[in-house]
Amino acid sequence: MNSLNPIDDAPQMTVWGSAAPARPTPGAPIGVFDSGVGGLTVARAIMDQLPQEKIIYVGDTANGPYGPLPIAQVRANALRVMDDLVDSGVKALVIACNTASAAVLRDARERYTRKYGIPVVEVIQPAVRRAVAATRNGQIGVLGTAATIASRAYEDTFAAAPHLAIRSEACPEFVEFVERGVTSGPELLEIVERHLAPIQESGADTVILGCTHYPLLTGAISYVMGESVTLVTSSEETAKDLFRALTNLNLLRDESEPPQHEFVATGHPESFERVARRFLGPEVSRVTQAKNFAESFPTASLAVVPERRQEATRTVLNPTETARTHSDESPGRHLPGDSR
């Protein structure tokens, strides 16, 4: 999978010598990834709506947050993690990160869906679909990372609904608070008020939390915006899209044995583990150690952890550091209902 070319039709072997991925099977896990803990909001929705499915969740904390990074670097990081997940045998990929969805969706569907039949589900279209249905006055606000807002991915998706007015605002500090496990307090409220002021002035009655970290700040955001404003997250709609994709491809798991989820961090796991357990509770019974991941998925590079990382933390799982370069072409967007 780990070719230097992001869309290379030729290679059929991974850099670790394993055969190219077989077609997905119903019993295989679902790969979910984000730059950190934010994608756990999507993982929670998947667990609720598809309780029989097993999830491998990767938080790319060694390289995150993605928001401040150049789009090309986001694409490289995201493809690296997805390559590892596919090599681990997942049957579907969920890009539980708005920044990565904006940067890499087209490449991912070419790389994994067209070549291997692995569906790729993202988080931008589901949020837009929900916002279109929710707004009463046609004024919609979008909160996101600097990279997501700069990509204009939401504006491109809303282009199919030209009667709506969109006001976007980058909120880079929000991710930092969530990654530290801070979801309340005067410092946070002050920053939330500052970033939401332009959205309030626009008269938006619906606000998209355009980063999967942001639902963990719903309390503060709702407090500032007021109860009359509808806050839209992509989590529930993304899980519905995943259900539809698995159903259409006959990939739903029908085993009666409860699934055992895997949680992986590519950087220091302490804050990831703390927030994950607070949000998901008993679902995070443990954070997988490198040797356990290697035993389950021996061909995956996430199992290859340099000794310097193992000395730093007991649960670091580090993707291969193979360098890749990618184009800066932004993916096209369409309102949900398209079949890409």
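Values in this text are rule-based calculations from the coordinates and carry no lab data. Nothing here was measured: the structure is a model prediction, and the numbers come from that model. Reconstructed Cβ throughout: ideal geometry from the backbone, glycine too, with neighbour counts over all protein chains shown.
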inquiry  = Only counting other Cβ atoms within 10 Å, I'd like 84, 60, 48, 107 sorted with the fewest neighbours first.
reply    = 48, 107, 60, 84
request  = Among 41, 238, 230, rank each residue by its count of other Cβ atoms within 10 Å, from fewest to most, as a rough exposure measure.
outcome  = 230, 41, 238
Rg and Dmax of segment 124-234, Cα atoms only, in Å = 12.9, 39
note = Projected onto the charge dipole of segment 124-234 (unit charges on the beta-carbon of Lys, Arg, Asp and Glu, signs +1, +1, -1, -1), the Cα from 221, 168, 182 with the largest positive-side position is that of 168
task = Determine the dipole magnitude for segment 124-234: charges of +1 sit on the beta-carbon of Lys and Arg, -1 on that of Asp and Glu, nothing else is charged, the reference point is the Cα centre, and the result goes in debye to the nearest 20.
result = 400 debye
task = Please arrange 171, 211 by counting, for each residue, the other beta carbons lying within 10 Å of its beta carbon, fewest first.
result = 171, 211
note = Contour minus Cα-Cα span, residue 223 to residue 190, at 0.36 nm per residue, comes to 10.7 nm
ask   = Which value in Å does the Kirkwood hydrodynamic radius of segment 56-188 take, with 1/r averaged over all unlike C-alpha pairs and then inverted?
value = 16.1 Å
task = Output the relative contact order of segment 85-135, whole-number percent, from Cα pairs under 8 angstrom with separation of 6+ residues.
result = 42 percent
query = Taking the mean number of other Cβ atoms within 10 Å as a proxy for protection, how do you rank 75-81, 94-100 from highest to lowest?
reply = 94-100, 75-81
